[in-house]
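Asker: Right, I'll just put the structure down here and ask away after.
The values are calculated or read from the model by the stated rules, or taken from the named source; none is laboratory data. The structure presented is a predicted model; accordingly, all values stated were derived computationally and were not measured. For neighbour counting, all protein chains shown are included, and Cβ atoms are generated from backbone atoms with ideal geometry for every residue, glycine included.
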Amino acid sequence: MSFTRLTAIARKEIIQIRRDVRSLIIVVIMPIVLVLLFGYGVNLDLKHLPIYVYDREGSQDSQDLLKRFQASQYFHIVRAVNSYPEVVHAIDDGQAKMGLVIPHDFSHKLRTGTTVKVQALIDASDDNTANVLTGYTQAVLQNYSNEVQLEWLERRGQTDQPAPLSVDARTWYNEDLESSWFIIPGVLALVMSVIGAFLTSLTIAREWERGTMEQLVSTPVTPFEIMLGKLAPYFVIGLFDAGLCAVMAIFWFHVPFRGTVAALFISSALFLIALLCLGFFISVVAKNQLAASQIALIATFLPAFLLSGFLFAIEQMPMVIQIVTRIIPARYYVSALKMIFLKGTPASMLYAEMIPLAIFAVLMALLATRVFHKRLA
Amino acid sequence: MLSRLKQMLIKEFIQVFRDKRTRYILFGPPLFQMLIFGYAANFEIRHVPTVIVDFDHSQESRELISRFSSSPYFDVQRQLTNREQIVDLLDRGDTVVALEINAGFSENLRKGQTAPLQVIVDGTNSNTALIASGYVSQIAQGFAQDYQQDRLQRISPMLVERIPRVELEPRPWYNTDLKSRWFFVPGVICSLTLVLVTTLTAFAVVREREIGTLEQIMVTPIRPLEFILGKTLPFFLIGLLDVALIAVVGTLWFGVPLRGSLAVLFAGTVVFLLCQLGVGLFISTVSSTQQQAMITAFFFIMPAITFSGFGFPISTMPGWLQKITYLNPLRYFLVVVRGVYLKGVGLDILWPQVAGMAVLALLVLSLSVIRFRKALD
């Protein structure tokens, strides 16, 4: 291996990237766009959910209960209606996520000491929203119920009945349950997938498509030097983009960075090496841009988006899919990122993530060099 | 005019279906993505990994623990013996919820005082944390209520029988079992259609330009409008075929109910496809190489999916962003498809969505046709 030949290839690649203004823009803009996209667009903190209320009684008690919904930041009472069909229509066309129906004998039942059921018609087509909504509603009703009971008991001489149990719940690492804290660190993995595999496989597939790769091969440069020289600039770009994303996450979206820069650097470098080699491998196999881009998308971006724990919790997937995620590098990287950002885990404690990443990096590098040799022969 | 158009269509179909790879790309990846998405995209929270430390070892504490271990929401993995293990497990991400029952728990309960239950939740995944905390307090509430009732029973059985209580009677509509899959599968059908039709149209035109065959076609007597029609019509038909394919697979494989009318679904799809053809055509007018087209398409597709309500409710986005989403055709299409699938509603409710898409389609199509004709001259 000759160092001069290697740098020559790398220099050629850099000039090529620099001349193509559009790809240069992509390198800088894409990470920013993705961080902004997920920072602003992906929010699971459900608040001000639109609801309709139908108070069939209209008494002091029922109004009292509704006021609690009004006061909560989780609900937004869009309208109070006077008929059932109005509620149904609102849920059908998506105006309301929930219709709260207070029965006509609400206060009567409370006074006589029986159980009264408040009906909640919930649009469950979005199961997550429905779930959270049910939880909030349950909490409001439970509170109300407890107070009514306490008052009832007091009136009958049963004072001083403290609640038997108090839940002292603390949330660690993401104290206010900010969904941006949970999502943005994972964006690094997406950006790297786009730069590392998608862009790289496209650029190299183009050389194959246009026949310039054969020209390169006919020079004294060895295949290994070609591969290394071509990938090196993208390695630097990838790391630069990772840094850019991290800076945006920390300073723009105020995601805490509790870990060490070293841990971030090492895990990013390992992940990037695996991706670059995979991208190279794809371009060698596909040799055409349309196919290369599609394969790269399916092999790197989609898994990073879906199967890495970036958005969807891995432990909630079916067992088969959980096993599949074990052969996806992004899974380990996303897990490492979340630990580095939120938990402050040092590099030495991240062995469960770092070792698989290192194995992937070595495997992919071997695979890429082998295929490249074969195709040239 | 018709015969020229017919020739053009025949040429396009031969071109698309001759190449084995393209043939595969048209139908393979969409199906594959449908399956992966269907399994992975899931916000359901079940079997949350949970550990418990019980310092009390009483009948009461065991009763509380058994409520957690018999719940489908928690997966009580281990009973620990000391507090330090909790920190370690949470740090490494091996558990999400940790419960701690202090010594003296049962004594407090028996004396009629409030017994604290310590709960630590890993907030890294904010959504899981939020919903899991809700379940924890539900179980704790249930325990407290039953205990309270037992206590009152002992004091005065009459009181327990006649105590007011407000209960929630949740009625989740459209998706009674709150299955995440029912929410996501129709969404995946929409998103895949978007990706496919946009990229295929953009690629088809740009490839002719890149290879140089566009000039050849332009010297034939074909008129620009015929060329545009000839180029886009095949993808319109392929798009429809793809939607049908993934819709059938998604519906049958994942068992998602199709409650509305196929005609409404078809009408919505046609209007949406027109929109996407316009977008694809537009992308082709601003790109001169396939790589550029791919990247431009990527920059369109990512925000389009993120800001559509595909996985994240639009109502949680910042106000200015919510207004921008009205320019996103996918936003309307999702409402139509989910409406037809889950709610079984018809055009009487969905017409505003279809109208919105139609307006967008008209705008985008005329804009891109004008641009395209200019680019040809």
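Asker: Of the conditions (1) in a loop (DSSP other than H, G, I, E, B); (2) at the interface with chain B (Cβ under 7 Å from one of its Cβ atoms); (3) under 23 Å from B:Ala144 (Cα atoms); (4) of a type outside the set (Lys, Arg), A:Glu175 clears all except one; give me its number.
Answerer: All conditions pass for A:Glu175, except number (3).
Let's see how each residue does on (1) outside any helix (DSSP H, G or I); (2) touching a Phe, Trp or Tyr at 6+ places or on another chain (Cβ under 9 Å); (3) acidic (Asp, Glu); (4) at pLDDT 90 or above:
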{"residue": "A:Trp181", "(1), (2), (3), (4)": "no, yes, no, no"}
{"residue": "A:Leu199", "(1), (2), (3), (4)": "no, yes, no, no"}
{"residue": "A:Glu207", "(1), (2), (3), (4)": "no, no, yes, no"}
{"residue": "A:Ile226", "(1), (2), (3), (4)": "no, yes, no, no"}
{"residue": "A:Lys230", "(1), (2), (3), (4)": "no, yes, no, no"}
{"residue": "A:Val247", "(1), (2), (3), (4)": "no, no, no, yes"}
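Asker: Criterion first (on the phi < 0 side of the Ramachandran plot, at pLDDT 85 or above, surrounded by fewer than 23 Cβ atoms within 10 Å (Cβ to Cβ) and not in a helix (DSSP H, G or I)) does A:Arg258 satisfy it?
Answerer: Yes: the conditions hold for A:Arg258.
Asker: Of the numbered conditions (1) out of contact with any Ser or Thr (no Cβ under 8 Å at 6 or more places or on another chain); (2) part of a loop (DSSP other than H, G, I, E, B); (3) surrounded by 19 or more Cβ atoms within 10 Å (Cβ to Cβ), A:Leu46 fails exactly one; give the number of that condition.
Answerer: All conditions pass for A:Leu46, except number (1).
Asker: Any idea which residue in region A:285-308 is surrounded by the most Cβ atoms within 10 Å (Cβ to Cβ), counting only those that are in a loop (DSSP other than H, G, I, E, B) and either touching a Leu at 6+ places or on another chain (Cβ under 6 Å) or more than 8 Å from chain B (Cβ to nearest Cβ) (or both)? Write out each step before concluding.
Answerer: Applying the first criterion (in a loop (DSSP other than H, G, I, E, B)) to region A:285-308 yields A:287-288, A:307-308.
Adding the requirement that they be either touching a Leu at 6+ places or on another chain (Cβ under 6 Å) or more than 8 Å from chain B (Cβ to nearest Cβ) (or both) leaves A:287, A:308.
Numbers: A:Lys287: 17, A:Ser308: 26.
Filtering first and then ranking leaves A:Ser308.
Asker: Any residue in region B:7-33 that is more than 16 Å from B:Gly239 (Cα to Cα) sitting within a Cβ distance under 9 Å of a residue that is of a type in the set (Asp, Glu)? List the pairs, counting only those 6 or more apart or interchain.
Answerer: B:Met8/B:Glu226
Asker: Report whether or not B:Phe307 is facing chain A (nearest Cβ under 9 Å), surrounded by 22 or more Cβ atoms within 10 Å (Cβ to Cβ) and either closer than 22 Å to A:Val191 by Cβ or touching a Gly at 6+ places or on another chain (Cβ under 8 Å) (or both). Lay out the reasoning, then the answer.
Answerer: Values: facing chain A (nearest Cβ under 9 Å): yes; surrounded by 22 or more Cβ atoms within 10 Å (Cβ to Cβ): yes; either closer than 22 Å to A:Val191 by Cβ or touching a Gly at 6+ places or on another chain (Cβ under 8 Å) (or both): yes.
The answer is yes for B:Phe307.
Asker: Looking at B:Val166, B:Val195, B:Val206, which is the one that is more than 27 Å from A:Glu178 (Cα to Cα) and either in a loop (DSSP other than H, G, I, E, B) or at the interface with chain A (Cβ under 8 Å from one of its Cβ atoms) (or both)?
Answerer: B:Val166 is the lone residue from the list that is more than 27 Å from A:Glu178 (Cα to Cα) and either in a loop (DSSP other than H, G, I, E, B) or at the interface with chain A (Cβ under 8 Å from one of its Cβ atoms) (or both).
Asker: Oh, and also: With the checklist (1) at pLDDT below 85; (2) away from every other protein chain (no Cβ under 12 Å) in hand, flag the one item A:Ile77 doesn't pass.
Answerer: For A:Ile77, the failing item is (1).
Asker: Then there is this: Against the condition surrounded by fewer than 15 Cβ atoms within 10 Å (Cβ to Cβ) and among the basic types (Lys, Arg), how does A:Arg19 come out, does it pass?
Answerer: Values: surrounded by fewer than 15 Cβ atoms within 10 Å (Cβ to Cβ): yes; among the basic types (Lys, Arg): yes.
The answer is yes for A:Arg19.
Asker: Going by the structure shown, is A:Ile122 crowded, with 21+ Cβ neighbours inside 10 Å, within 11 Å of chain B (Cβ to nearest Cβ), in a strand (DSSP E or B) and touching a Lys or Arg at 6+ places or on another chain (Cβ under 9 Å)?
Answerer: Numbers: crowded, with 21+ Cβ neighbours inside 10 Å: yes; within 11 Å of chain B (Cβ to nearest Cβ): yes; in a strand (DSSP E or B): yes; touching a Lys or Arg at 6+ places or on another chain (Cβ under 9 Å): yes.
Answer is yes for this residue.
Asker: Right, something else. Considering region A:292-330 alone, what residues qualify as being in contact (Cβ under 8 Å) with a residue 40 or more places away in the chain and more than 13 Å from A:Val194 (Cα to Cα)?
Answerer: Answer for region A:292-330, where residues must be in contact (Cβ under 8 Å) with a residue 40 or more places away in the chain and more than 13 Å from A:Val194 (Cα to Cα): A:Ser308, A:Gly309, A:Phe310, A:Leu311, A:Pro329.
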